[in-house]
Amino acid sequence: MPYADSAGTRIYWEEEGSGDPVLLIMGLGYPLDMWHRTRPVLAKHFWVILFDNRGVGKSEMPPGPYSIAQMAVDAASVLDAAGVHSAHIVGISMGGMIAQEFALTYPHRVRKLVLGCTACGGPKAVRAEKDAIDLLLAREVMTPAEAMNASIPFIYDAGTPRERIEGDFAIRRRKLTDPKAYAAQLAGILAWESYSRLSAMDAPTLVLHGETDRLVPPGNSRLIAEHLPGAKLVFLPAASHIFTTDQPELANNAIIEFLRTGPAA
């Protein structure tokens, strides 16, 4: 199994396809397997590299908290292990925060940037409704089944077939995240912001968000796009936080079109 060494922590990664490299960065508490509706489609066009964030899946779980900056270093370590100098960076939710931090820390390693269903933190961030925040804070004391079912109204669109949601749940049940790792990642999210630094990001950027996202309100993507000159902002209809499940074809097409057209940084 391929592992990258990130300052003594082993980070598990996989690869598929060929062509320009694309690094996929997953969100809070989810293993790389949750790219299951994106990975095979992108791999028809690109060399897809993806990994488990620290504490999740097959990566090691050191003591927390895990800062976003630390997880950006993990991402760089994965590219190093794959022998890749620069790549397109695609992150969703917490992965979008890691992608922003990566772009700020390693601008020379970013070809294009895709920020999905994410936020930039700081004083102007659009906060989720109280029920959504309460769910995030309570998940570490809930059973996996309770947490999954409670999350549905906040992360999936009301029109998404239940069997598609159950497909995601089946994957998550195979690699349940330790509550300590979940809390360590969440602490990193709560302590992070890029709002004051957005103007320093100059990679061509696609900002992608589901219109019905109740966990990370769509206004956050609008805020990011307003502070990134030339950024392309796309809202996906009938899609919530997990837009890769709600609208996989629309999401995949938007990503592929953006990465394949126009110049890279």
Test for ALA145: is it farther than 13 Å from GLY29 by Cβ, in a helix (DSSP H, G or I) and at pLDDT below 95: yes
Residue, nearest to SER151 (Cα to Cα), within segment 15-44, restricted to residues that are open to solvent by 40 Å² or more (accessible area, probe 1.4 Å) and without any contact (Cβ under 8 Å) to a residue 40 or more places away in the chain: ARG39
Criterion: part of a loop (DSSP other than H, G, I, E, B) and aromatic (Phe, Trp, Tyr) - qualifying residue of TYR12, TYR30: TYR30
Leading residue by the ranking (most open to solvent (accessible area, probe 1.4 Å)) among those in segment 232-263 that are part of a helix (DSSP H, G or I) and free of Cβ contacts under 8 Å to residues at least 24 places away in the same chain: GLU249
Boolean, ALA225 is surrounded by fewer than 20 Cβ atoms within 10 Å (Cβ to Cβ) and either touching a strand residue (DSSP E or B) at 6+ places or on another chain (Cβ under 7 Å) or of a type in the set (A, V, I, L, M, F, W, C) (or both): no
Members of segment 180-208 that are open to solvent by 50 Å² or more (accessible area, probe 1.4 Å) and not in a helix (DSSP H, G or I): ALA191, GLU193, ASP202
Condition met for GLU146 (of a type outside the set (A, V, I, L, M), without any contact (Cβ under 8 Å) to a residue 40 or more places away in the chain and surrounded by 12 or more Cβ atoms within 10 Å (Cβ to Cβ)): yes
Of all residues in segment 2-29 being small (Gly, Ala, Ser) and in contact with a helix residue (DSSP H, G or I) (Cβ under 8 Å, 6 or more places away or on another chain), the one that is farthest from ILE189 (Cα to Cα): GLY17
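The values are calculated or read from the model by the stated rules, or taken from the named source; none is laboratory data. Quick caveat: nothing in here was measured; it's all calculated off a predicted structure. Every residue, glycine among them, receives a Cβ derived from its backbone with ideal geometry; neighbour counts consider all protein chains shown. Each accessible area value is taken on the protein alone, full model and side chains, heavy atoms only, with ligands, DNA and RNA left out. Shrake-Rupley method; radii C 1.70, N 1.55, O 1.52, S 1.80 Å.
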